[in-house]
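Student: What follows is a structure written as structure tokens; I'll ask about it next.
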């Protein structure tokens with residue numbers, strides 16, 4: 001079931017027919033057939049044939065998303081970045097969270113460039129086996145997916161958190177770039193040590209780009225990277241849940257499909273896509289209404305420190321999640337960026353050990 005509002009028809013087409021025998025408790029039976037003002041999440045296919053294969057799996061999964069307002073807007077009429085930007089800009093402005101089902105990761109550019117159109121300071125989260133970024137803008141060769149986010153001369157990205165890269169697949173010179181811009185980088189080994197450590201950095205971004213080559217190829221064989229190492233699909237599902245559960249996150253895209261020409265393997269990867277989208281939606285349906293949606297009810301903790309006059313931490317009783325206030329004498333930038341997501345362990349390290357965790361040091365240094 002797909003539904004297109006007249007305002008979106010210049011960009012989208014709807015021709016997918018779901019299985020008429022779907023269980024009444026399935027996700028496919030809980031899609032809204034209209035795009036009402038209150039629609040919270042919208043599925044959008046980038047590559048129509050592939051997105052429809054994912055829908056075949058996703059629609060049959062059981063609904064466990066409460067009162068989440070979900071619709072399927074169909075597929076893009078053109079698979080180009082510039083074509084998709086105005087659509088995503090409209091959705092962002094309307095408060096609708098798009099879930100892009102793509103193959104080529106290039107469409108991730110539209111996700112962050114649409115925020116630039118709205119003059120927003122954008123934080124980007126990427127889950128990928130490779131860092132798709134050139135060391136500098138004059139490096140030459142084929143432009144990488146993240147180049148326009150980092151090397152733009154106007155409105156570059158405020159922040160980048162990269163998760164799951166494998167050292168042998170990434171240019172080591174990027175270490176210098178990440179340090180100089182105070183970006184975050186969590187290699188695959190570091191990421192898998194404790195997935196809960198990745199929840200705060202994911203909670204600090206506006207959009208997430210997930211490439212299936214971050215998943216071990218044995219569990220998602222129809223992928224562009226064909227990597228023998230990576231996250232398990234279960235681990236990737238946990239990261240997708242973290243993304244959905246963040247009240248700040250306003251855009252989600254999943255990419256990286258490359259056909260194996262073996263129907264069984266392509267179908268297995270389509271099921272992997274659908275599973276990750278399902279857990280993302282599960283996270284959205286269980287959002288807590290924490291900052292930046294509302295700072296009402298947050299509990300304040302003031303920590304005296306030799307590192308600064310004081311640090312102010314905030315905890316939400318609704319979710320038991322933590323933030324720390326950027327120690328600025330004068331307000332700069334967008335207010336939502338002045339509370340940095342952190343963990344209880346970060347609070348303890350600062351308050352009891354007098355040690356400012358490295359992640360918070362880099363977050364403060366962005367100012």
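The values are calculated or read from the model by the stated rules, or taken from the named source; none is laboratory data. Owing to the predicted nature of the structure, the values given are computational and were not obtained by experimental measurement. Don't worry about glycine lacking a Cβ; one is built from the backbone with ideal geometry, like all the others, and counts go over all protein chains shown.
Student: Within the bounds of the stretch 33-52, is there any residue that is surrounded by 17 or more Cβ atoms within 10 Å (Cβ to Cβ), in a loop (DSSP other than H, G, I, E, B), at pLDDT 95 or above and in contact with a strand residue (DSSP E or B) (Cβ under 9 Å, 6 or more places away or on another chain)?
Tutor: The answer is yes; a qualifying residue exists.
Student: Output the number of the condition that residue 56 fails; it satisfies all remaining conditions of (1) outside any helix (DSSP H, G or I); (2) more than 25 Å from residue 126 (Cα to Cα); (3) at pLDDT 95 or above.
Tutor: (1)
Student: Of all residues in the stretch 105-135, how many are in contact with a strand residue (DSSP E or B) (Cβ under 9 Å, 6 or more places away or on another chain) and farther than 22 Å from residue 10 by Cα?
Tutor: Residues in the stretch 105-135 being in contact with a strand residue (DSSP E or B) (Cβ under 9 Å, 6 or more places away or on another chain) and farther than 22 Å from residue 10 by Cα: 14 in total.
Student: Quick one: is residue 255 surrounded by fewer than 16 Cβ atoms within 10 Å (Cβ to Cβ), touching a strand residue (DSSP E or B) at 6+ places or on another chain (Cβ under 6 Å) and at pLDDT 90 or above?
Tutor: No; evaluated as a whole, the condition is false for this residue.
Student: Limited to the stretch 145-162, what total is found for residues that are more than 26 Å from residue 342 (Cα to Cα) and buried (at least 21 other Cβ atoms within 10 Å of the Cβ)?
Tutor: Of the residues in the stretch 145-162, 1 are more than 26 Å from residue 342 (Cα to Cα) and buried (at least 21 other Cβ atoms within 10 Å of the Cβ).
Student: When residues of the stretch 145-175 are filtered for being over 15 Å from residue 126 (Cα atoms) and without any contact (Cβ under 8 Å) to a residue 40 or more places away in the chain, how many remain?
Tutor: The qualifying residues number 11.
Student: Ok, one more. Quick check on my filter: what residues within the stretch 148-182 are closer than 10 Å to residue 131 by Cβ, at pLDDT below 95 and part of a loop (DSSP other than H, G, I, E, B)?
Tutor: 170, 171
Student: Scanning the stretch 335-364 for residues that are surrounded by 12 or more Cβ atoms within 10 Å (Cβ to Cβ) and in a loop (DSSP other than H, G, I, E, B), which turns out modelled with the highest pLDDT?
Tutor: Out of the qualifying residues, it is 343.
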